[in-house]
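**Q** There's a structure below that I have some questions on.
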Amino acid sequence: METHAENPPNGRAPGDGAGAKKLGKRMEKVGHTAEQVWDRTKDSFSDIGDALDVKGRVDRHPFGTIAAAIGIGYVLGGGLFTPLTGRIARLGVRIGLRLAVLPMLKQEMEDLVGTIEEEQEAKSRQAAGKRTRTRGEEP
């Protein structure tokens, strides 16, 4: 089998070692840069964790933390624009309206009934006053 100088084995031309060294240095530089970025990211997350006191919150409110994690996961998982979320939102609006509007309606009804009773009492007093005057004039 003949090998030609134009087609060296492994696709390398003679004297191609310098290109491989440059590539190796570039890869080392990229790896070093990635390591620096990773270290900075870890430091940032630990700073955020310290500022938010995540461990302390979990210790003080474990169930609330789990509920928050479920909610955040649901939203980040794409559950925000699903039919289930629409149903939950409608139910929440209904309950909220009932809790907010019913006491207001009750108060308005009480005020209306009070006003009607006052008007009826005033009319009955006027009618009683007219009867007394007409009786007093007859003798």
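**Q** Can you tell me which residue is modelled with the highest pLDDT among those in region 6-55 that are closer than 30 Å to residue 66 by Cβ and among the β-branched types (Val, Ile, Thr)?
**A** Out of the qualifying residues, it is 41.
**Q** Report yes if some residue within region 37-44 is acidic (Asp, Glu) and outside any helix (DSSP H, G or I); otherwise report no.
**A** Restricting attention to region 37-44, the residues satisfying the condition of being acidic (Asp, Glu) are 39, 43.
Add one more test, that the residue is outside any helix (DSSP H, G or I), and what stays is none.
No, region 37-44 contains no residue that is acidic (Asp, Glu) and outside any helix (DSSP H, G or I).
The values are calculated or read from the model by the stated rules, or taken from the named source; none is laboratory data. On a predicted model such as this, the values are computed, not experimentally measured, just so you know. Please note: Cβ atoms are built from the backbone with ideal geometry, for glycine as well, and neighbour counts cover all protein chains shown.
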